[in-house]
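Shown next, in structure tokens, is the structure this report addresses.
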Amino acid sequence: MKIYKTQSEVDADIKNDALVIRGDVTFECDISLSASIIVSAGDISARNISARDISARDISAGDISAWNIKACNISAEDIKAGDILAGDISAWNIKAGDISAWNIKAGDISAEDIKAGDISAGKISAGDISAKNISAGDISAWDIKARNISAWDISAEDISAWNISADDISARNISAGNISAGDISYYAYCNSYESIKCTSIKGRREKHNPPVCLDGELIIILKGGE
């Protein structure tokens, strides 16, 4: 177990613009680096992490917890954890083979692009989830909850969740099991296997498909009541 108590201890271990960590590491102080953090294995526990890049072949831990996770790029072959907990998770790009966790909880999750093979979690909850593009092979969770979910494209082979709920959802195209939101804005199509429940829904493209509910119905709820 490697324990860092001060920023100066962290700075002393930086070689060639990188902090290389093998095994478990605990940061008992806030760290702010212009260097990269490279983790080969173990648990990462910290209060605040601010770095140019967080890069690893695999980030595998029981829990990954921090007040804030900030980086230009977060890239890994796989990101696996029991819980991923943070105040805010923000990065220019978030790329990984698979992202899997029991729960992913954050104040806000924001990135220019979020790309992964599969994104799977019991619950994904955040204040705002925003990205230019959110793309994955499969996005699966029991519940996906957020104040606002906004993206240029939300694309996946399958987006499967028992419930997708948000104040507002804005995207190019949306496909899911159940969708529950305030206002929904989509470009060309919005499909649901079950029902779509919202205060309003609108296609932005002049020629667009109307919302499709295969086994349920489209329910428009008046704001402030049923």
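The values are calculated or read from the model by the stated rules, or taken from the named source; none is laboratory data. Since the model is a prediction, treat every value here as computed from it, not as a measurement. For neighbour counting, all protein chains shown are included, and Cβ atoms are generated from backbone atoms with ideal geometry for every residue, glycine included.
If the condition is being closer than 15 Å to Arg52 by Cβ and assigned to a loop (DSSP other than H, G, I, E, B), then region 1-25 contributes Ile14, Asn16, Asp17. Residue count for region 39-50 satisfying the condition of being outside any strand (DSSP E or B) and over 16 Å from Asp13 (Cα atoms): 5. Hey, could you check region 142-152 for residues that are aliphatic (A, V, I, L, M) and at pLDDT 75 or above and say which is farthest from Ile174 (Cα to Cα)? The selected residue is Ala146. Taken as a whole, the condition of being at pLDDT 80 or above, surrounded by fewer than 22 Cβ atoms within 10 Å (Cβ to Cβ) and more than 14 Å from Lys105 (Cβ to Cβ) applies to Ser130. When Arg205, Arg172 are screened for being under 28 Å from the mean Cα position of the chain (by Cα), farther than 21 Å from Ile129 by Cα and not hydrophobic (A, V, I, L, M, F, W, C), only Arg205 passes. Residue-level analysis places Asn68 outside the set of residues that are more than 20 Å from Ala121 (Cβ to Cβ), in a strand (DSSP E or B), in contact with a strand residue (DSSP E or B) (Cβ under 9 Å, 6 or more places away or on another chain) and of a type in the set (S, T, N, Q). Filtering Asp63, Asp53, Asp83, Asp58 for residues that are at pLDDT 80 or above, touching an Asp or Glu at 6+ places or on another chain (Cβ under 6 Å) and part of a strand (DSSP E or B) leaves a single hit, Asp83. Comparison of Ile144, Ile114, Ile109 shows that the only residue that is surrounded by 18 or more Cβ atoms within 10 Å (Cβ to Cβ) and either within 13 Å of Ile164 (Cβ to Cβ) or of a type in the set (S, T, N, Q) (or both) is Ile144. If only residues of region 12-45 that are without any contact (Cβ under 8 Å) to a residue 12 or more places away in the chain and on the phi < 0 side of the Ramachandran plot are counted, the one that is surrounded by the most Cβ atoms within 10 Å (Cβ to Cβ) is Asp13.
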